[in-house]
Structure formats: structure tokens, C-alpha cells
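To start, the structure under review is shown below, and the notes come after it.
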Amino acid sequence: MTPNGIRLIQGLAMVVSGTLAYLIRHATLAMPLRYGVAIAAGSLLMMGAQRLLSRFPRQSPSADLWRHAEAVASIAAILVTAAFALKVSTGFSRLWAVYWMASSWFFLAAIDAVWERYRAPRRIVVAGPAAFTEPIKARLTSGAVADMEFMPLPDLVRWLDRHETVDGLVDEIIVVGPVPDDAVRSALILALHGNPVDLRYCVDLGGLLPEGWANTPLGELTVPLAPIQPLRQRMIKRLEDLVLTLLALPVLLPVLAAIALMIRLDSPGPVLFRQRRLGLGGRAFTILKFRTMLDDASLQAEAPQARKGDDRITRLGHHLRRSGLDELPQIFNVLKGEMSLVGPRPHALPHDVQWSAAVAGYTRRFEMKPGITGLAQIKGCRGPVDLGRPIEDRLAMDMAYIASWSLALDLQIIIKTVRNRLAGDTPDL
């Protein structure tokens, strides 16, 4: 079945669950028009939400259940807000709404379970040195949940160069092991540049091959295997991100629109700068920023860091970078679940690949979602960073944040970040 077909079924599940909820609550199917309108709106919103979620690779059954819960809760919040704004909220049964949302989540979980049983295996390419790929091969059995192909990194580079696009050829590429060789690293970065394929970078196999791995959904295999935060803490942090971001949106949207207009007037090129970064578990995502450089800067696959006096930076870009306003579009990365408001700052993919091969423990930063700001940033670690003490200092602060995370710490970092921005306490780039 096509993805559009699945989304249609998910939308119909909202209709069925809303109708059943009304039958359970009122013992009749003769519902007023307002209920039908609400159910239809919820169905359309669900199809839109699932279309958005489909842009991200499936991770694990438990993660999918949580994402469905987020979608249902978001739709409930939108419908409740609309009902209050239109002053029709008193015309709906609250118990019906609870039944509807709970049964919707159940139906979505059931659809996932059926789809997981009958869908075709994911096609995955695992590339890296034999010392890293051979242990994975040895653990494969006929019960594996994915079609996997193994190859050395040079072969992966040549394979990518032969195909203008790998869409339809492979679902995901997993690069395992460090890439210390400069030539191989540069060739890999060039081959991946601009390629939209799902990508994961796993430097070591610690935690990648748990007992019973062959029966584990491949999407659960990350490095580390799972975030170190307990589920309860991850839920609290996700709720914090959603609540604070949604509360800030009404204030930020006019600012975003004004900055977008100024960028259009300042220099030719797109308003947004998009770049591949590594997030939770080494999984790649596309970060959003306001463009602060000349348009052709995005064509540089090695992503050289901006330095003081960099002639690639536009006139407006200097002010946006000093104030940190260029980071504001990342609130949409937060809403999509790719980033958090607070966490280790994500670096460009070429830098992650380089530093993970040179700095011990560097990939432990991937134990938590990357953030718009972080402990390292409020301690003065902003701007360009080089190998040696600078990156080691940032890593130490990132790990200190991960180890001591709390809601209070996040709020302190957010408040300190805002104060620093207002005071202009940022590098001049």
C-alpha cells in the first residue's frame, strides 16, 4: 500500500473513532452537525500530521506510539482552541472528546501493528571498515527485519557517485566506524552533499549489537542504543519543548516574518539556510537557519566554519549572527521533534565525522537531542571551534548537561540565553 493510502486509512480511523465515541457517550449515531464538522476537521488534521511525520524515518514501535500520542494531543489542542475561539465549546461533551482521542490513538497503534507485519523490509546499506561491518553480518539471521547490504566506504562513495539520486534504491545508509583518512572523509562528504537519503552515523558498535539483535527492529539500533534519559524524563523534556515553543510562537512569528523580508531585500537567495546535521543516536536531520551568507556558500560540501571578517557573510548576516536571531527557525525543528530547546549544539556533518574520529567519547553527545542553546553556549562556547582544547571543552560541558539534566536547569539555560542575546554577549562573526 502507498504512503498516501496509509494516511487515508489513518484519517478514516479518526472518523471511525469519533463516531464510536459518540455512540458510546450518547447511545445513538444521530449526532448534531457540529460533531460531524469537528470529526472531519480532526481527520484532515491527522492526515496532515501523518504526512509531516512520514518525512522522518521510523525509529521503533515505542517511538512511533509516542509520536502518535503527540499528534493526537496536538490535534486535540488545536480543536479545543478553535472551539473556544468560536465560542462553541459548550456544545461538545468533554467525555466524548476524551473517548475520541483515546480511541484514535488505539486505532493508530493498531494500524501501525498491521502495517509493520505486512510492509516490505527496509533496504539499508551499512558502510564502513570490515572490523565494524563483519560483527553485524555475523548477527544477522533469516528473521532480520531489513534487507541489508554491506560495503567498504570507498565502495559506498563510488555507488553514490554512480547514482544521481538513491531515492527508491535504498531507505537508509548507516555509516559505521570512524573515518580518520582525510581523503576518504572528503570523498564521503562530497558524495553525501545534497543527497536526501536517510543517514545515520555510528562511530562504534558499543550498544549497537545487543543480545537478540536479529529480532530487534533495526530502527532501534542507535549509538548509544537508546538515550540515557529514562522515558519519564524524555516525556517531560518533550512536553517542555512543545509547551514553551507553542507559547512563544505568537510572539516569534511576526519577528520571523520581518527577518525573512529583510533577508529578501538584503541579498539574492533563499530566506532559509538548510544543512544536514546529526541528531539523537547519530541520525541525520536538516537544520533550519536564516541565511546569513551569500547564496553560493551552501554549495561548499565541507562546510567551512565562519570566522571573523568572513567575506561570505552578508551585511544583515553580521547582525543576525551577533544577536543569535539566525537560529530562530530552529523552533520548527523543535516542533518536529528533531531538536530540543536546550541540548548539545549540533555541528555540521563534516565536522562531526572529523571530530568523532579524533576526540574520544565525542559521539556521546548524540545521547540527547541537539538544542537551539545549551550549557556550553551560556558558558561562552560559541562561534568557530577547532580540534584540541576548544572542542574538548564543549564536549565536557555537553556531557555535564546530559548527566545533570533537569527541568530547572533547562529553564535556567533558556533565561540566561535570552539575557545574553539582549545584552549582545555573543561572538562578532
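Which one is nearest to residue 322 (Cα to Cα), of the residues in the range 362-379 that are among the charged types (D, E, K, R) and open to solvent by 20 Å² or more (accessible area, probe 1.4 Å)?
Checked the range 362-379; the qualifying residue nearest to residue 322 (Cα to Cα) is 379.
Give me a count of the residues in the range 248-273 that are open to solvent by 60 Å² or more (accessible area, probe 1.4 Å) and either part of a helix (DSSP H, G or I) or at pLDDT 90 or above (or both).
9
Whether any residue in the range 160-181 is at pLDDT below 85, open to solvent by less than 40 Å² (accessible area, probe 1.4 Å) and in a helix (DSSP H, G or I) is what I want to check.
yes
What number goes with the only condition from (1) open to solvent by less than 80 Å² (accessible area, probe 1.4 Å); (2) more than 26 Å from the chain's Cα centre (by Cα); (3) among the aliphatic types (A, V, I, L, M) that residue 6 does not pass?
The number of the failed condition is (2).
Of everything in the range 21-40, what is among the hydrophobic types (A, V, I, L, M, F, W, C) and either crowded, with 16+ Cβ neighbours inside 10 Å or over 17 Å from residue 97 (Cα atoms) (or both)? Give them in sequence order.
Once the filter is applied, which keeps residues that are among the hydrophobic types (A, V, I, L, M, F, W, C) and either crowded, with 16+ Cβ neighbours inside 10 Å or over 17 Å from residue 97 (Cα atoms) (or both), the range 21-40 yields 21, 31, 38, 39.
Return the residue satisfying two criteria in turn: it lies in the range 320-371 and is modelled with pLDDT of 90 or more, of a type in the set (D, E, K, R) and closer than 20 Å to residue 403 by Cβ, and of such residues it is farthest from the chain's Cα centre (by Cα).
345
Can you tell me how many residues in the range 235-247 are open to solvent by 40 Å² or more (accessible area, probe 1.4 Å) and touching a Lys or Arg at 6+ places or on another chain (Cβ under 9 Å)?
0
For the range 278-292, enumerate the residues that are open to solvent by less than 30 Å² (accessible area, probe 1.4 Å) and either aromatic (Phe, Trp, Tyr) or part of a strand (DSSP E or B) (or both).
278, 283, 284, 285, 287, 288, 289, 290
Inside the range 42-157, counting only helices (runs of 4 or more DSSP H) that do not spill past its ends, which hold 3 or more residues that are at pLDDT below 80 and under 27 Å from residue 195 (Cα atoms)?
Output list reads 61-85.
If we keep just the residues of the range 79-96 that are touching a residue at least 60 places away in the same chain (Cβ under 8 Å) and open to solvent by less than 60 Å² (accessible area, probe 1.4 Å), which is farthest from residue 353 (Cα to Cα)?
93
The values are calculated or read from the model by the stated rules, or taken from the named source; none is laboratory data. None of the values given here were measured: they were computed from a predicted structure. For neighbour counting, all protein chains shown are included, and Cβ atoms are generated from backbone atoms with ideal geometry for every residue, glycine included. Please note that ligands, DNA and RNA were not included when accessible areas were found on the heavy atoms of the full protein model with its side chains. Shrake-Rupley method; radii C 1.70, N 1.55, O 1.52, S 1.80 Å.
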